[in-house]
Amino acid sequence: MNLRSFAAVFAFFTLFFLSAGCENIVHEECSQANINRHAYAFMQDWYLWYDHLPDIDVSQFASLSEMITAVKYVDNETVIDRFSYALKKQEHDDYYAGKRYGMGFSMVRDENSDIYVSIVYPEGPAGKAGMRRGQKILSLNGVTVQELDENQDYNHQHKGEDGFVEKPDWNNIYDAENKGEEVFFKVLDSSEGEKEFSVILDDYTMNSVLAVSVLEHHGAKVGYLHFKSFIKLSPDELDAAFAQFKEAGIDELVVDMRYNGGGLVSVAEHLIDLIGGATVNDEKIIKILYNDKHTDSNYSYKGKKLPGSLDKINKIVFITTRGTASASEMVINALTPYFDVALVGEMTYGKPVGMNSMSFCDQTIVPITFKSANSQDYGDYFLGMEVDCGSADDYRHDFGDPEEASVREALYLLENGRCSENAALKSAGRAKYLEDRIPVELKGTGKIDYTF
């Protein structure tokens with residue numbers, strides 16, 4: 001099914017970059033060969049695994065993405081670098097500025113082939129129209145989900161036959177490139193029944209905070225935050241959320257990062273300071289280590305207390321999935337030595353390394369340039385972070401709903417100090433193939449010497 005206009009999973013692959021380096025080639029032709037040459041030279045200098053780069057003819061690659069794919073570190077058949085990428089500079093810049101186009105939501109199909117809304121950006125067209133997570137989609141432009149599925153199968157089977165007439169399916173039910181087009185939805189809302197509304201394809205700004213609430217539970221005030229992306233707009237949104245938590249005087253915190261693939265390290269530092277600034281003030285909470293050509297760039301980030309920092313919590317539960325990566329994992333790893341931290345949901349992606357970006361003409365390269373660790377020099381989670389209590393991603397309920405499976409499990413854990421009887425196995429989210437992708441020199445070590 002082609003859902004090209006819905007919110008993409010771009011953030012998952014834009015895991016996190018440390019600084020947005022920008023170098024436009026001046027007085028040189030912006031041919032692809034020149035762009036490739038400059039990008040490859042940058043990798044030879046800054047790539048974390050620069051000594052594993054192959055000798056290549058940069059002119060043979062039609063795009064920067066093709067070149068990156070060809071040179072990423074692979075040890076025999078073991079893929080070490082599953083992260084580096086390249087893209088158009090405008091796409092890169094728009095992502096971190098929160099600029100998007102489309103309807104501003106995504107959806108998921110369940111085991112019964114029913115389709116539910118899984119993410120809605122409040123300031124996007126769908127959010128403003130009344131769409132929210134947990135709604136079941138019944139039809140688009142008057143065509144039911146079942147008909148769209150059947151028509152797609154029909155079109156695939158009969159395309160090219162004489163007299164073939166294409167039926168409305170997921171690929172053509174609307175024109176994703178037609179800005180201003182109106183798309184009509186019928187949904188089933190668990191609390192309001194069937195609803196109909198229209199969504200306009202348009203530009204919008206992506207929120208990074210999708211939900212904030214204070215839940216009363218077992219005599220405690222529990223702050224709930226759903227945080228989606230570490231982008232330039234995030235600090236202001238986070239400040240507003242934590243101001244609400246401080247005013248309410250929360251006792252415990254649940255941070256939902258189940259789809260957060262990362263972003264800016266500076267935002268990770270800001271979130272850490274808001275959560276634990278009173279505790280981690282002036283502590284070396286994050287260590288960044290570059291290759292041996294740039295040891296002078298190594299540094300330790302010291303936590304600091306901000307005006308909005310929480311000052312009385314010691315229990316934090318993070319809700320995670322395989323879509324939780326990079327800067328999200330950095331936040332969890334950095335706070336673990338200082339707080340009672342637990343994970344609920346599914347195992348995280350596993351990315352204890354990060355990127356610096358560099359732009360050449362209209363293209364940007366984002367290669368792995370450093371590795372990170374916490375104050376205890378721990379950073380070996382290439383396989384992902386194991387959860388304490390397993391829980392399914394319950395997309396039939398909205399974020400922050402106490403009846404949503406992961407939120408319910410988080411609240412149970414905070415109250416009882418253990419998992420509920422309904423908790424899934426802790427390794428439910430493990431992707432076994434990743435065991436073959438961890439760098440050999442890190443496999444099974446647990447703790448890495450990041451001391452500098």
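Bear in mind that the values in this text are calculations on the coordinates, not laboratory data. As the structure is a prediction and not an experimental result, all values here were calculated from the model. Don't worry about glycine lacking a Cβ; one is built from the backbone with ideal geometry, like all the others, and counts go over all protein chains shown.
Kindly write out, for the range 282-295 in residue order, the coupling ³J(HN,Hα) from the Karplus curve 6.51 cos²θ - 1.76 cosθ + 1.60 (θ = phi - 60°), rounded to whole Hz, with x marking Gly and Pro.
Those phi angles translate into 6, 8, 7, 8, 9, 10, 10, 10, 8, 5, 5, 7, 9, 5 Hz.
Could you work out the relative contact order of the range 216-278? I mean the mean sequence separation of Cα pairs under 8 Å and 6+ apart, divided by the number of residues, in percent. Don't skip to the end; give the middle numbers.
Details: 62 pairs, mean separation 30.6, N = 63.
Value for the range 216-278: 49 percent.
Take residue 167, project a point 7 Å from its Cα along the Cβ direction, then tell me which residues of the range 133-157 have their backbone nitrogen under 14 Å from it.
143-157, by backbone N distance to the label point.
Just want the answer: with Cβ charges of +1 for Lys and Arg and -1 for Asp and Glu, which residue in 168, 300, 363 is farthest toward the dipole's positive end in the chain?
My answer, from the dipole projection, is 300.
Through the Karplus equation 6.51 cos²θ - 1.76 cosθ + 1.60, θ set to phi - 60°, convert the phi angles of the range 179-196 into ³J(HN,Hα) values in whole Hz; use x for Gly and Pro.
Residue by residue, the range 179-196 yields 4, x, 5, 9, 10, 9, 10, 10, 10, 10, 9, 4, 9, 10, x, 6, 9, 10 Hz.
Can you list the HN-Hα couplings for the range 73-87, worked out from phi with the Karplus curve (6.51, -1.76, 1.60; θ = phi - 60°), rounded to whole Hz and with x for Gly and Pro?
Karplus values, whole Hz, x for Gly and Pro: 5, 10, 9, 6, 9, 8, 7, 8, 9, 9, 10, 4, 7, 9, 7.
Given the Cα-Cα distance of residue 53 and residue 77 and 0.36 nm per residue of separation, how much length would full extension add, in nm?
Working: separation 24, 0.36 × 24 = 8.64 nm, distance 1.52 nm.
Residue separation times 0.36 nm, minus the Cα-Cα distance, leaves 7.1 nm.
Name the residue from 224, 59, 87 whose Cα lies farthest towards the positive end of the charge dipole of the chain, charges +1 on Cβ of Lys and Arg and -1 on Cβ of Asp and Glu.
The one lying farthest along the dipole's positive direction is 224.
For the charge dipole of the chain, defined by +1 on Lys and Arg C-beta atoms and -1 on Asp and Glu C-beta atoms about the Cα centroid, which residue among 383, 156, 289 has the Cα displaced farthest towards the positive pole?
The one lying farthest along the dipole's positive direction is 289.
How much length, in nm to one decimal, is gained on full extension between residue 299 and residue 147, taken as 0.36 nm per residue of separation minus their Cα-Cα distance? Each step should come with its number before you reach the end.
Numbers: separation 152, 0.36 × 152 = 54.72 nm, distance 5.68 nm.
Between residue 299 and residue 147, full extension yields 49.0 nm more.
Restricting to Cα atoms and excluding each atom paired with itself, what does the Kirkwood estimate give for the range 174-227 in Å? Present the calculation step by step, with values, prior to reporting the outcome.
Details: mean 1/r = 0.0675 Å⁻¹.
Hydrodynamic radius (Kirkwood, Cα only) of the range 174-227 equals 14.8 Å.
If the cut-off is a Cα-Cα distance under 26 Å, which lysines reach residue 195, setting aside same-chain residues fewer than 8 apart in sequence?
Residue 195 reaches 128, 136, 167, 179, 186.
Might you report the magnitude of the Cβ-based charge dipole of the chain about its Cα centre, with Lys and Arg at +1 and Asp and Glu at -1, to the nearest 20 debye?
Numbers: 43 positive and 72 negative charges, 211 e Å.
Computed about the Cα centre, the dipole is about 1020 debye.
5 Å is the cut-off here: which amide hydrogens, built 1.01 Å from N in the peptide plane, fall below it relative to residue 123, excluding neighbours closer than 5 in sequence?
207
Excluding same-chain residues fewer than 8 positions from residue 221, which lysines have a Cα within less than 16 Å of its Cα?
Once the sequence-local lysines are set aside, what remains near residue 221 is 246, 312, 315.
Apply the Debye scattering formula to the chain, with a single equal point scatterer on each alpha-carbon and no solvent, then give log10 I(q)/I(0) at q = 0.08 Å⁻¹.
Log-scaled intensity ratios, in q order: -0.50.
For an R0 of 45 angstrom, estimate the FRET efficiency from the Cβ-Cβ distance between residue 292 and residue 221 and round to the nearest 0.05.
Rounded to the nearest 0.05, the efficiency is 0.40.
Which order results if 217, 156, 226 are arranged by neighbouring Cβ count within 10 Å, fewest first?
Numbers: 217 18, 156 10, 226 26.
Placing the least packed residue first, the sequence is 156, 217, 226.
Return the FRET efficiency for the residue pair residue 69, residue 179: r is the Cβ-Cβ distance, R0 is 35 Å, and the value is rounded to the nearest 0.05.
Working: r = 31 Å, r/R0 = 0.90.
Working from the Cβ atoms, E equals 0.65.
What's the long-distance tail for the range 71-217, i.e. % of Cα pairs beyond 27 Å?
Numbers: 4453 of 10731 pairs.
Tail of the P(r) past 27 Å holds 41 percent of the pairs.
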